[in-house]
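So the structure is just underneath, and the comments pick up after that.
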Amino acid sequence: MDFSLPPELQELQQRTRAFIRDKIIPMEGDRRQTSHGPTEELRRELVALAAAEGLVAPHVGVEYGGMGLSHVGKAVVFEESGYSLLGPVAMHIFAPDEGNMHLLEAVASTEQKDRWLRPLAAGKTRSCFCMTEPSPGAGSDPAAMLTTAVKDGDHYVINGDKWFITGAEGAAFAIIMAKDENGQATMFLADMDTPGIEIVRAMDSLDSAFAGGHAVMRFTNVRVPASDILGEPGKGFRYAQVRLAPARLTHCMRWLGAAKRAHQIATDYALKREVFGQKLIGHEGVGFMLADNEMDIRMSRLSILHTAWLLDQGERGGTESSMAKVFCSEAIWRVVDRCVQVLGGQGVTGETLVARIFNEVRGFRIYDGPSEVHRWSLAQRISRNGANW
């Protein structure tokens with residue numbers, strides 16, 4: 001296992017780093033950032049900047065306008081993008097679009113790719129992924145799904161409620177998970193202006209980086225042609241894993257970049273601030289927190305690279321991405337929390353970016369599977385296979 005980066009990836013890393021530093025960070029004060037994400041106008045301006053550098057959707061295959069990065073390549077570039085909260089938006093590699101592009105490329109038909117993937121990969125459109133439901137519907141347990149899809153001639157009629165749907169407001173299309181009459185989950189593609197698709201309300205949340213925010217949605221007698229089934233009928237749960245295993249890891253990559261930014265801000269402050277006769281960094285309580293940050297950042301990166309390498313070797317990587325998601329989400333949270341503490345009063349205000357990053361990364365321990373659910377799943381595997389599986 002060799003973690004050294006080839007020259008072309010080192011060049012791309014430096015190019016991405018320079019793009020974020022020179023073009024994106026200067027836009028972080030733009031007032032078109034709302035509590036429900038950047039406006040569409042701002043998003044398009046950011047994407048245009050990335051397009052000029054050839055950095056839009058670099059994870060997508062070359063035939064659809066991307067670079068076809070490997071998982072290790074994504075680990076490097078996505079971390080660099082995350083150094084600014086606007087970076088993944090500009091490069092069009094934020095959730096849910098990044099995961100949806102991966103899923104479409106892996107599963108969609110040629111016609112579906114031309115219709116939905118091409119404009120999405122170019123950053124011309126956005127999308128949403130509709131799986132999570134209000135109680136007692138699907139959440140961490142997708143088998144509890146209550147949304148139904150009933151066959152009616154050459155169409156399916158979809159009914160149900162979804163929530164925590166990221167990016168719904170302003171999305172061009174949705175990937176909808178529903179159960180058929182046999183209780184099998186199927187994925188459907190539908191334009192958001194299809195009759196019966198309703199955004200009931202926006203949901204206020206701690207985070208505000210995702211374009212389109214998070215929404216409650218309702219599907220009332222939504223008619224979708226059978227030709228717009230994504231992949232094969234009844235394989236929705238399998239396709240969800242095709243999407244989620246890499247998507248958990250790309251969240252780790254992006255938020256690691258944000259944690260690195262917070263750590264840099266806190267370190268710079270500790271090196272300059274004088275208190276009780278010496279620089280703040282000279283006090284062990286502060287110095288130890290920054291040292292712990294360095295360890296958490298380093299170990300998170302190694303966890304990501306190891307899992308990315310396995311995926312590049314053709315491994316399914318579900319268990320490894322699950323472990324990486326738990327470790328990284330909690331390590332990243334610890335890093336940013338310590339940064340708030342080091343900054344003191346500035347850490348809980350808008351005087352630096354750290355308070356904003358603090359709000360953004362807290363949800364990562366919950367979405368794409370709470371840490372407790374991943375631990376439970378791993379414990380179940382241990383109970384079946386013992387400690388040496």
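Number of residues in segment 197-256 that are at pLDDT 95 or above, of a type in the set (S, T, N, Q) and closer than 30 Å to THR16 by Cα: the value is 3. The number of residues in segment 281-317 being among the charged types (D, E, K, R) and either crowded, with 18+ Cβ neighbours inside 10 Å or in contact (Cβ under 8 Å) with a residue 12 or more places away in the chain (or both) comes to 6.
The criterion of at least 1 residues that are farther than 17 Å from ALA308 by Cβ and touching a helix residue (DSSP H, G or I) at 6+ places or on another chain (Cβ under 7 Å) is met by the following helices (runs of 4 or more DSSP H) wholly inside segment 3-119: 7-19, 40-52, 87-90, 97-107. Where helices (runs of 4 or more DSSP H) sit wholly within segment 284-382, those with at least 1 residues that are aliphatic (A, V, I, L, M), over 18 Å from the mean Cα position of the chain (by Cα) and under 23 Å from SER205 (Cα atoms) occupy 318-343, 354-362. Being modelled with pLDDT of 95 or more, surrounded by fewer than 23 Cβ atoms within 10 Å (Cβ to Cβ) and among the hydroxyl-bearing types (Ser, Thr, Tyr) is a condition met by no residue of segment 156-178.
Note on segment 342-389: among residues that are of a type in the set (Phe, Trp, Tyr) and within 30 Å of ALA270 (Cα to Cα), the one that is surrounded by the fewest Cβ atoms within 10 Å (Cβ to Cβ) is PHE358. Within segment 120-144, being crowded, with 18+ Cβ neighbours inside 10 Å, small (Gly, Ala, Ser) and on the phi < 0 side of the Ramachandran plot holds for ALA121, SER127, GLY137, ALA138, GLY139. Just checking, does segment 205-218 include any residue being more than 22 Å from ARG43 (Cα to Cα) and basic (Lys, Arg)? There is at least one residue in segment 205-218 that is more than 22 Å from ARG43 (Cα to Cα) and basic (Lys, Arg). Out of THR250, THR267, one residue alone is more than 23 Å from the chain's Cα centre (by Cα), of a type in the set (S, T, N, Q) and assigned to a helix (DSSP H, G or I). It is THR267. Do we have any residue at all in segment 272-292 that's in contact with a Ser or Thr (Cβ under 8 Å, 6 or more places away or on another chain) and not hydrophobic (A, V, I, L, M, F, W, C)? No, segment 272-292 contains no residue that is in contact with a Ser or Thr (Cβ under 8 Å, 6 or more places away or on another chain) and not hydrophobic (A, V, I, L, M, F, W, C). The residues on offer are ILE199, ILE158, ILE175, ILE165, and the sole one that is more than 23 Å from THR110 (Cα to Cα) and in contact with a Pro (Cβ under 9 Å, 6 or more places away or on another chain) is ILE165.
For LEU104, indicate whether it is farther than 22 Å from THR16 by Cβ, outside the structural domain of GLU28 (by TED's automatic domain parsing) and buried (at least 20 other Cβ atoms within 10 Å of the Cβ). Spelling it out, LEU104 is indeed farther than 22 Å from THR16 by Cβ, outside the structural domain of GLU28 (by TED's automatic domain parsing) and buried (at least 20 other Cβ atoms within 10 Å of the Cβ). Out of ALA90, ALA52, one residue alone is surrounded by 24 or more Cβ atoms within 10 Å (Cβ to Cβ) and modelled with pLDDT of 95 or more. It is ALA90. Does GLY73 satisfy the condition of being crowded, with 24+ Cβ neighbours inside 10 Å and in contact (Cβ under 8 Å) with a residue 40 or more places away in the chain? The answer is no for GLY73.
The values are calculated or read from the model by the stated rules, or taken from the named source; none is laboratory data. Keep in mind that this is a model prediction, so the values were computed, not measured. Here Cβ is always computed from backbone atoms with ideal geometry, including for glycine, and neighbour counts include all displayed protein chains.
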